[in-house]
Amino acid sequence: MKRVEELALEKVLICDGAMGTELQRHGLQPGECPELWCVEKSDAVRAIHQDYRQAGSDIVETNTFCCSRYKLRKFGLEERVAEICLAGAVLAREVAGADQYVMASMGPTGEFMQPIGLESEQSFYDAFAEQAAAFAAGGADAVIVETMTAIEECCAAVRAVRDNTDLTCIASFTFDPLSDGRYASMMGVFPDQFVKAALDAGAHIIGANCGLGAEHMLKIVEILVATADGKPVMAMPNAGMPILESGVTIFPEGAEQFGVKAAELITAGASVIGGCCGTTPAHIAELKRIVSR
Ligand SMILES: [Zn+2]
């Protein structure tokens, strides 16, 4: 198989939709560690991967978003990073077989680097390197460093993937709209700053995920495409603008509506496309229909 970043220059590749809501559908309880299901409830995780594969995804994404030692520490599982990351990649590989790619999810640590926080760049790098090595050992093709908002953290993760593995590295930021019409991450990083820093750190593909739905994503993708220096651009919008309904966050966009907006993202130049919060196998099936027509 070609590398993901090579194939993404030739055709549109479809990723999975949300993992968290699907785990809840399978019985994940509040306060439970979702990633531990890779080890303890692997049948449910496998079933979710299969649902997305059946919907038409080209790239199966692992259930490892919060698998750094920083995040697992909250569950007393920090010594099991390698085991859980490896199990997540192995599970995804089982479903992917030889004709679908495996992309390992690597989310933020939830901590801040000095001087805002207490952590050093080296300790972030080491934590990401531990995950990256386990993903490679479990058979992943790519790592997606996703939902990032701090540039130093994102770059530490990208370098950890590039230095310690031969895997494709996707770097993906989450941006919010500013009152002046521009976009920036929660930590004040503009899309063009992110692109330059992520490419310098060694990212093969750059992208944006999560955030406030596909309308905003379209403007962000336009900036990414204009600054990506010919590298593929990935977009993973949420299913619309989140609304709070009696204390519960709802993502209002159905599959059809999501598909219409995704088509615009593809026209704008996104060539790796999937769904973030609120998206389901039905959303991915609609993506597949649009890409195939
Ligand atoms: Zn999201």
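The values are calculated or read from the model by the stated rules, or taken from the named source; none is laboratory data. Model, not experiment: these values are computed from the prediction. As a convention, Cβ positions derive from the backbone with ideal geometry for all residues, glycine included, and neighbour counts pool all protein chains shown. Side chains are part of the model used for accessible areas, which takes the heavy atoms of the whole protein and leaves out ligands, DNA and RNA. Shrake-Rupley method; radii C 1.70, N 1.55, O 1.52, S 1.80 Å.
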Residue check, Gln193 against (1) at pLDDT 95 or above; (2) in a strand (DSSP E or B); (3) of a type outside the set (D, E, K, R), all met but one. Which one?
(2)
I need the full set of residues from region 202-241 which are in contact with a Cys (Cβ under 7 Å, 6 or more places away or on another chain) and either within 18 Å of Gly107 (Cβ to Cβ) or polar (S, T, N, Q) (or both), in order please.
Ala203, Asn209, Cys210, Met236, Pro237, Asn238
Suppose we filter Ile266, Ile250 for residues that are touching a strand residue (DSSP E or B) at 6+ places or on another chain (Cβ under 7 Å), more than 22 Å from Thr21 (Cα to Cα) and open to solvent by 30 Å² or more (accessible area, probe 1.4 Å); which single one remains?
Ile266
Step by step: first the residues of region 221-242, then only those that are open to solvent by 10 Å² or more (accessible area, probe 1.4 Å) and either closer than 17 Å to Ala197 by Cα or among the β-branched types (Val, Ile, Thr) (or both), then the one that is nearest to the ligand (Cβ to nearest atom). Which residue is that?
Ile223
Just checking, how many residues over region 142-152 are over 16 Å from Glu5 (Cα atoms) and under 15 Å from the mean Cα position of the chain (by Cα)?
4
Selection count where residues are open to solvent by 50 Å² or more (accessible area, probe 1.4 Å) and within 21 Å of Gly274 (Cα to Cα), scope region 37-50
2
Restricting the search to region 57-83, which residues are of a type in the set (Val, Ile, Thr) and part of a helix (DSSP H, G or I)?
Val81
All-but-one check, Phe194 against (1) within 16 Å of the ligand (Cβ to nearest atom); (2) buried (at least 24 other Cβ atoms within 10 Å of the Cβ), failing number (1)
The lone exception for Arg293 - which of (1) under 22 Å from Asp51 (Cα atoms); (2) among the charged types (D, E, K, R); (3) buried (at least 18 other Cβ atoms within 10 Å of the Cβ) it fails
(3)
Residues (hydrophobic (A, V, I, L, M, F, W, C) and assigned to a strand (DSSP E or B)) located in region 170-190:
Ile170, Ala171, Phe173, Ala184
Check off (1) open to solvent by 10 Å² or more (accessible area, probe 1.4 Å); (2) touching a helix residue (DSSP H, G or I) at 6+ places or on another chain (Cβ under 6 Å) for Ile205 and give me the number that stays unchecked.
(1)
For the condition over 16 Å from Asp16 (Cα atoms), in contact (Cβ under 8 Å) with a residue 60 or more places away in the chain and touching a helix residue (DSSP H, G or I) at 6+ places or on another chain (Cβ under 7 Å), what is the one hit in Glu121, Glu78, Glu130, Glu111?
Glu130
If you go through region 84-143 one residue at a time, how many are open to solvent by less than 30 Å² (accessible area, probe 1.4 Å) and part of a helix (DSSP H, G or I)?
17
